[in-house]
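The values are calculated or read from the model by the stated rules, or taken from the named source; none is laboratory data. Please read all numbers here as calculations on a predicted model, not as lab measurements. Here the Cβ is made from the backbone with ideal geometry for all residues, glycine too, and neighbour counts use every protein chain on show. Keep in mind that these areas ignore ligands, DNA and RNA; they rest on the heavy atoms of the full protein, side chains included. Shrake-Rupley method; radii C 1.70, N 1.55, O 1.52, S 1.80 Å.
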Amino acid sequence: MTTNEPRPGQDHLGYSPGQRPLPQQANPSWLGHVHPEYYRQAPPNDTGRFPPVLPPGPPAVRRGRSSAGASGLVLAGGFLAFLSLFLVLPFLLGSTGIPGFVIGFIASLIPLGTVLLTVRFIDRWEPEPRPLLLFAFVWGAVVSIAVTMLLQPYFSLVAGPASGLDYTTFAVTVQAPVVEEFAKSLGLLLLLLFARKHFDGPVDGVVFAFTIAAGFAFTENILYFGRAIAESSDPGTELVVVFFLRGVMSPFAHAIFTGTTGLIMGLAARHWHNGLSVLAFFVGLIPAMLLHSAWNSMGTDFLAQYILVQVPIFLLAVLVIVLLRVAERRLTRQRLKEYAAAGWFTAAEVDMLATSAGRRSALRWADSIGRGPQMKAFLHAATQLAFTRQRILSGRDVLVHQLDERDQLAGIAALRSAVVG
């Protein structure tokens, strides 16, 4: 008697681990790499068509389940920020005075806006949840500042004498890079451990790191700009000089430092192993601290080092971000092609969903017929679906993400009907 049941050690298709064949282009880039043993077909669309009628207005789409860890992280972050204000705010006001604080606050909004607009550009393909981005910013702007203030005296006491450096040199080239990068990146580690569903790749790592760094630089700029007002005999000129150095020449300095840590932690996050995540935290701190120290070490030849060293580093960071975005688009296209093969999308829809030009064209058309919000929701839902599938194929909490996939496919069907009418 023959049977179709798989043998022990085989999957439901009869393949042993490592033997399951991958379809062509299943690994569209290093960002979307999956192992053969984890690959599985997209669930088929057995209905053959989507519901043709929906109530008026945009349908409610069920989002992926938010983890208790992420919600708890946001609440804990808010509580820590509240406590940290009692340390950070008096320090800022005591260092700058009220006029300096107000002017420094306003001036700091300009470089902050530059970095946050960059974060939005990087993150717009698969946006991170706003509560987690808010946690990242608040961690950088308040909590990491408090952690830095608390750790610096102890670090100076322990490591200062052993360094053999005078206090000023030690504080600028060793203490600040080590303590500040540790304090900022601690927020990244918490995000990775407690919101891992939303921190599962290098793009996520860069986005969260840039947001934390933007918050840290914002508060630090208030201090520097405010001091230029409070401590100078010519506050207007001093503020212009300090603003040019920090707000024009180096608004991305902290972002690039901490961004290297986020990038390395994001690469490790694809494996979803807590031990590896902690190791990546410490490994990622090394380049961040070195870059920070190199920046702080620029002295009389500041302009030459800025042009010959810091500008190339910035351009390299831009190149990395561009490559990450290209990899995201390729990943989206491949995963949606697999859903198209299962009957959920047409080939033309995949082309539209996987390119920036196609998305802009779709939004213009939808706006012209009064269904722009529905189309925007459709584009966002399709991208989320592609990345949910990537998590499934990576073998990470497969059953949980399959439930999300089921809900997202139902949402896609509803949104399609809302768009086409």
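The long axis of helix 176-194 is offset from the longest Cα principal axis of the chain by roughly 20 degrees. Between the helical axis of 274-296 and the longest alpha-carbon principal axis of the chain there is an angle of about 40 degrees. Using the average count of surrounding beta-carbon atoms within 10 Å as a protection proxy, the listed peptides 297-308, 82-93 rank, highest first, as 82-93, 297-308.
The charge dipole of the chain, taken about its Cα centre with unit charges on the Cβ of Lys, Arg, Asp and Glu (plus for the first two, minus for the last two), comes to roughly 1480 debye.
Peptides 257-266, 154-163 ranked from most to least packed give 257-266, 154-163, packing being the mean of other C-beta atoms within 10 angstrom over each peptide's residues. If the cut-off is 12 Å between C-alpha atoms, which aspartates and glutamates fall inside it for LYS337, apart from same-chain ones fewer than 8 positions away? Those aspartates and glutamates meeting the cut-off are GLU349, ASP351. Remark: relative contact order (region 243-389) = 16 percent; criterion is Cα-Cα distance under 8 angstrom and separation of 6 or more residues. Any idea which of GLY343, ALA317, ALA327 is furthest toward the positive side of the dipole for region 306-345, if Lys and Arg beta-carbons carry +1 and Asp and Glu beta-carbons -1? Ranked along the dipole, the leading option is GLY343.
For region 266-421, the solvent-accessible area works out to 45 Å² per residue, with a probe of 1.4 Å and every protein chain left in place.
Shown here: Rg/Rh (Cα atoms, Kirkwood Rh), derived from the displayed model; of the candidates [x] 1.04; [y] 0.99; [z] 0.96, it corresponds to [x]. For the peptides 227-238, 101-112, residues were scored by their other Cβ atoms within 10 Å and the scores averaged per peptide; the highest-first order is 101-112, 227-238.
If only the Cβ of Lys and Arg carry +1 and only the Cβ of Asp and Glu carry -1, the dipole of region 162-264 around its Cα centre is close to 340 debye. Placing +1 on the Cβ of every Lys and Arg and -1 on the Cβ of every Asp and Glu, with no other charges, gives region 123-207 a dipole of roughly 200 debye about its Cα centre. If you line up the long axis of helix 202-230 against the longest principal axis of the chain, both from Cα atoms, how many degrees apart are they, to the nearest 10? In the chain, helix 202-230 runs at an angle near 20 degrees to the longest axis. Take every Cα pair under 8 Å whose residues are at least 6 apart in sequence, average their separation, divide by the length of the chain, and the relative contact order is 25 percent. Taking a straight Cα-Cα cut-off under 15 Å and skipping sequence neighbours fewer than 8 places away in the same chain, the aspartates and glutamates within cross-link reach of LYS197 are GLU126, GLU128, ASP397, ASP404, GLU405.
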